[in-house]
1. Could you sort 257, 226, 167 by their accessible area in this structure, using a 1.4 Å probe and putting the largest first?
2. Using a Förster distance of 51 Å, how high is the FRET efficiency between residue 132 and residue 206, based on the Cβ-Cβ distance and rounded to 0.05?
3. Can you give the Rg and Dmax of the chain based on its C-alpha atoms, in angstrom?
4. With springs only between Cα atoms under 10 Å apart, run a GNM on the chain and tell me which of 138, 45, 73 wobbles the most.
5. Two decimals is fine: what is log10 I(q)/I(0) at q = 0.18 Å⁻¹ for segment 67-119, from a Debye sum with one equal scatterer on every Cα and no solvent?
6. Can you send over the carbon and sulfur percentage of the accessible area for the chain, probe radius 1.4 Å, protein chains only?
7. Over the chain, what relative contact order in percent results from Cα pairs under 8 Å that are six or more residues apart?
8. Set the Förster distance to 45 Å, then compute FRET efficiency between residue 260 and residue 155 from the Cβ-Cβ distance, nearest 0.05.
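The values are calculated or read from the model by the stated rules, or taken from the named source; none is laboratory data. All values derive from a computational prediction rather than experimental measurement. Cβ: placed from backbone, ideal geometry, glycine included. Neighbour counts: every protein chain shown. The area values use the complete protein model at the heavy-atom level, side chains included, leaving out ligands, DNA and RNA. Shrake-Rupley method; radii C 1.70, N 1.55, O 1.52, S 1.80 Å.
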Amino acid sequence: AKAEGGNGAQAYTPDMDLGREWRQQVEAEMRGGIDRAEFTVLYQPLVEARTGKIIAVEALARWPGRRGEELGPGDFIPVAESSGLIHPLGLLVLRRACTELVGHGQLRLNVNVSPAQFRHPHFESEVAAVLHETGFPPERLQIEITEGYLIDHPARANRAIAAFTDMGVQVVLDDFGSGFASIGYLRQFPFSGIKIDKSLAVGLGRDPKALLLVTGMVHLANGLEMSVTAEGIETEQQAALFRLAGCHELQGYYFGMPASLAAIEHLPIRSAA
Ligand code: C2E
Ligand code: CA
Ligand code: CA
Ligand code: CA
């Protein structure tokens, strides 16, 4: 728990040491886990809204080898980001996903990239090296980036996006609508698409405003010639409403949980309701 000092600054509490110790321990374990390539990838399908066909998968990092309590990416990605381990971890995930997916027909691969990776001056060439090494076609790769640092380094971000676009790799803005700067970002950076944050799915069907918001986002994106993916879809009704709003791609537990590639190939097609 946080304790507030009189001037609003955080006062010391023993919990903070615990938090710091926990981070340091996870960081140390993660270092070893990356060296031993313990991190694996699950894939969640993205379906084409019009046909229900799986056209892409999103790679989601997992750490099954860790002893003790299992940590999800919501726990270990922030530690990786603050320690710099996100660089080797991100490349491990990318290499593994490209290797596993390269033989799977025309499926596109969506990979999450932290702003810290994106900011790294060698990031584009590192991605290019992994594509070359695995034989994965750049046109089948889509990078998902969350807002955060871009606004502080717009020149660097624009250069990186342009470099990827030149390579044939698409860059999309993840978690659109979850922050404050999102609309400004669309004007400032040449994304090839947006992913509407899953918090929007929750309200859809219950709150008429949510549908209006989503429809507005789709119009905005269409006007900028950007694709629109909706994520976090858990029900048939949400799927129908996102389709109605004009989203191009849909993703969520309704269409398939993160799973192995073999499991994804056996999923039923859930086409337009
Ligand atoms: P994200 O990129 O927004 O990914 C979507 C998250 O929502 C995933 O959680 C996914 O399992 C979950 N999800 C999918 N469908 C549904 C649904 O219908 N309902 C709900 N409630 N949730 C759904 P996960 O796998 O725990 O990943 C959490 C976050 O960790 C990701 O959010 C992403 O930001 C980050 N992450 C995961 N893998 C990587 C990675 O390799 N690199 C980086 N930099 N970040 C990653
Ligand atoms: Ca994502
Ligand atoms: Ca997201
Ligand atoms: Ca997220």
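1. Output order, biggest surface exposure first: 257, 167, 226.
2. On the way: r = 48 Å, r/R0 = 0.94.
The formula returns an efficiency of 0.60 here.
3. In order Rg, Dmax, the Cα atoms of the chain give 19.5, 61 Å.
4. Top of the fluctuation ranking is 73.
5. Cα-only, vacuum Debye calculation for segment 67-119: -0.68.
6. Taking all protein chains in place, the chain shows 55 percent carbon and sulfur surface.
7. So the answer I get is 19 percent.
8. 0.65
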